[in-house]
Amino acid sequence: MAYFAAVLARTEDGWDVSETELDNVETLADLADLAREAAQDDDTVLVFIEQEDAWFAVVRVDGEEDPRIFVSDAAAAARSSYGDVVLTEELVGRAGDSEFDDLDSLVTELEDSEDAELSDSAEEDEEDGPLTGPGGVPVGPLGDSELLAEFGVPAKDLLDLSGEGAEPGDALAEIAEALGCAEVLEAVR
């Protein structure tokens, strides 16, 4: 599958955008190191990855902090060698844990209520569970949907760009537009 990857380094004058190769990137740590090399004074660096209009990922690196990751469709990314870089066990495991924790607390609250019908319904929903793809990876968006909020892309907008029927290339273009670097990103495409 063909892919596109770009590094966007925040500078005093905006964003410095450059296309990058991921051939030597095997782990998230490798990707974070690649991003840090482009950083100026520990400023924010974003890495955009798109794979043949199947999925996109945004990885945010701020200095030496752990990278923050958002993937538009985790199940699609799981079928890609580049998806292995961003779909860490921690990210996938945390998503599964949090979804079940939320369901467990909801079921507990409903069981404590006087309405037994709602309790039975919630228990049935829990049995259905979330949709998963290969290897139990959740279908749909996964990760930190707030990672671009301070740059003008709130979580709701990022999730909307990842919804069913969304085009990953168009989504990255819209994100770049919000960041003020759409023309530069298009030039390196």
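Overview of values
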quantity: When residues of the stretch 155-174 are limited to those that are more than 13 Å from the chain's Cα centre (by Cα) and open to solvent by less than 60 Å² (accessible area, probe 1.4 Å), the one nearest to residue 75 (Cα to Cα); calculated: 166
quantity: Enumeration of residues in the stretch 67-77 that are open to solvent by 30 Å² or more (accessible area, probe 1.4 Å) and either under 14 Å from residue 39 (Cα atoms) or among the hydrophobic types (A, V, I, L, M, F, W, C) (or both); calculated: 67
quantity: Residues of the stretch 129-151 that turn out to be open to solvent by 50 Å² or more (accessible area, probe 1.4 Å) and either modelled with pLDDT of 95 or more or within 25 Å of residue 65 (Cα to Cα) (or both), as a count; calculated: 3
quantity: Those residues of the stretch 64-85 which are of a type in the set (D, E, K, R) and out of contact with any helix residue (DSSP H, G or I) (no Cβ under 7 Å at 6 or more places or on another chain), in sequence order; calculated: 64, 65, 66, 68, 73, 84
quantity: For residue 17: the one exception among (1) over 21 Å from residue 142 (Cα atoms); (2) open to solvent by 20 Å² or more (accessible area, probe 1.4 Å); calculated: (2)
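Condition check ((1) in a loop (DSSP other than H, G, I, E, B); (2) open to solvent by less than 10 Å² (accessible area, probe 1.4 Å); (3) touching a residue at least 40 places away in the same chain (Cβ under 8 Å); (4) at negative phi) across all residues:
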site: 25; (1), (2), (3), (4): yes, no, yes, yes
site: 33; (1), (2), (3), (4): no, no, no, yes
site: 36; (1), (2), (3), (4): no, no, no, yes
site: 65; (1), (2), (3), (4): yes, no, no, yes
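The values are calculated or read from the model by the stated rules, or taken from the named source; none is laboratory data. Note that the structure is a prediction, hence the values are computed from the model and not measured. When we count neighbours, we look across all protein chains shown, and the Cβ atoms used for this are built from the backbone with ideal geometry, even at glycine. Each accessible area value is taken on the protein alone, full model and side chains, heavy atoms only, with ligands, DNA and RNA left out. Shrake-Rupley method; radii C 1.70, N 1.55, O 1.52, S 1.80 Å.
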